[in-house]
Every structure is written in C-alpha cells, then in structure tokens.
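Q: Have a look at this one before I ask anything.
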Amino acid sequence: MGEKSRGTSGRTAAKISTLQASYRVNTSIEGLCIPILYGRNRLQPNIFFAWSWVPQGNWTEPPGQGGKGGLFGTPKQGGSIQYTYSMWMLLGLCEGPLLAIGRLWKDKGRGYQFSAYDLAPGGRPQPPGAGAAGMIPLQALSYFGTAYMGTQYPVDLGSNNSTPNFSYEGYGPLPYIQPKSVAANPSACRRPRPPVPP
C-alpha cells in the first residue's frame with residue numbers, strides 16, 4: 001500500500017496499492033510425466049497454459065469523519081484503491097478418463113465440489129475448453145486424453161500476483177472397487193521341519 005500524501009489544501013490524498021504488471025506461476029514445470037489415476041487420489045496440478053491477466057481496481061470509501069453536516073460540512077477525506085487480479089489458466093491433472101473432482105484445496109483452504117464442473121475429463125477425443133474456445137479460438141487445443149481443470153471461469157488471485165497452490169481429489173476408473181484378497185494355503189507357506197536326530 002502506498003504512503004499517504006497531502007495536497008496543497010492539506011487534505012489526505014487517496015492511498016493506492018501498487019499495480020502489478022505481471023504474474024508469477026508456482027506450479028508450472030516442463031517435461032513432467034502425466035500421471036495415471038485409478039480409484040481416488042489427491043492430484044497436484046501443473047499449469048500448462050495461461051492467458052488474459054486482468055487487474056481490477058476497487059475503490060474503498062474512507063470511514064465517516066466528525067464535523068458539521070450540510071453544505072458547509074467537512075467532507076470525507078482519503079480513501080484507498082486496492083487492486084485484485086484474475087487470470088485464465090489450464091491446470092493439468094492426469095491422463096483421462098477422470099470421472100469427477102471431490103475435495104479441492106487452495107493454499108490452506110479446502111472446499112468441496114463432487115462434480116465434473118470446470119473439468120475436461122480427458123476424453124479421446126475431447127473438445128477444447130469453453131473459455132479458451134471463446135476467447136482465443138486460434139490457440140484453443142483439445143489436449144487429447146489429458147484431464148485438466150479451467151474450462152469455465154478464470155482463477156481469482158485476490159490481491160496477489162502469484163498463483164495459489166492448488167490440489168484436487170480426483171476420481172478415476174474403479175473408484176469404489178476393492179481388490180479381492182487371495183486366500184493362501186497355510187500348509188504351502190510352512191517351512192519343512194528339520195529332521196529330528198535319532
């Protein structure tokens with residue numbers, strides 16, 4: 001947040017936060033293997049495409065101050081402008097098909113989805129995401145066989161210019177099937193007894 005400044009009239013000027021002109025990506029690595037998911041597991045995404053970095057200025061009115069009211073009353077002074085940011089991004093999860101997303105984590109916060117909303121399930125084939133197809137159609141790819149998040153809406157970054165740490169609980173094939181246990185023959189597992197000396 002910038003420092004307070006006073007004009008020639010002595011009134012406190014508005015406080016303006018620093019406008020960030022770029023962003024930092026925390027979870028994007030080139031050359032990673034695409035994991036294969038069976039059952040249910042927690043997935044760490046990899047950001048493989050990002051676009052449309054948008055800052056938004058938000059004006060905050062100053063708190064009320066004492067003084068006379070009416071036409072000759074003391075006006076409110078100061079105020080502040082705080083910038084927030086959003087960005088479209090595609091977060092790769094695993095090889096498809098991915099059936100649904102359960103819990104999701106954003107930094108230390110946790111939410112619940114339990115649906116396929118905003119999810120490209122990794123079909124073969126699958127269409128490009130709606131967001132990319134509508135905004136950047138020449139760059140919108142289908143990412144054949146790759147499940148990813150980020151098809152419907154941009155990510156809210158708040159007042160930071162860096163991406164949060166995301167993770168998702170994914171449901172892949174066979175999410176509720178338990179493997180059958182193999183019953184061993186106890187006699188086949190016993191060691192032969194050593195011969196008893198006469």
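Q: Exactly one condition in (1) loosely packed, with under 13 Cβ neighbours inside 10 Å; (2) under 17 Å from G39 (Cβ atoms) is false for K108; which is it?
A: (2)
Q: Being out of contact with any Leu (no Cβ under 7 Å at 6 or more places or on another chain) and without any contact (Cβ under 8 Å) to a residue 24 or more places away in the chain, is that true of even one residue in the range 144-167?
A: Yes: one or more hits.
Q: Where residues in the range 75-104 are surrounded by 11 or more Cβ atoms within 10 Å (Cβ to Cβ) and outside any strand (DSSP E or B), which of them is modelled with the lowest pLDDT?
A: Filtering the range 75-104 for residues that are surrounded by 11 or more Cβ atoms within 10 Å (Cβ to Cβ) and outside any strand (DSSP E or B), the one modelled with the lowest pLDDT comes out as K76.
Q: Additional query: Just give me the residues in the range 141-166 being within 20 Å of C94 (Cβ to Cβ), touching a Lys or Arg at 6+ places or on another chain (Cβ under 6 Å) and among the small types (G, A, S), in sequence order.
A: Correct list: G145 only.
Q: Which of the residues that make up the range 16-33 are at pLDDT 60 or above and either buried (at least 16 other Cβ atoms within 10 Å of the Cβ) or part of a strand (DSSP E or B) (or both)?
A: Answer for the range 16-33, where residues must be at pLDDT 60 or above and either buried (at least 16 other Cβ atoms within 10 Å of the Cβ) or part of a strand (DSSP E or B) (or both): Q20, Y23, R24.
The values are calculated or read from the model by the stated rules, or taken from the named source; none is laboratory data. All values derive from a computational prediction rather than experimental measurement. Neighbour counts run over all protein chains shown; Cβ positions are idealised from the backbone, glycine included.
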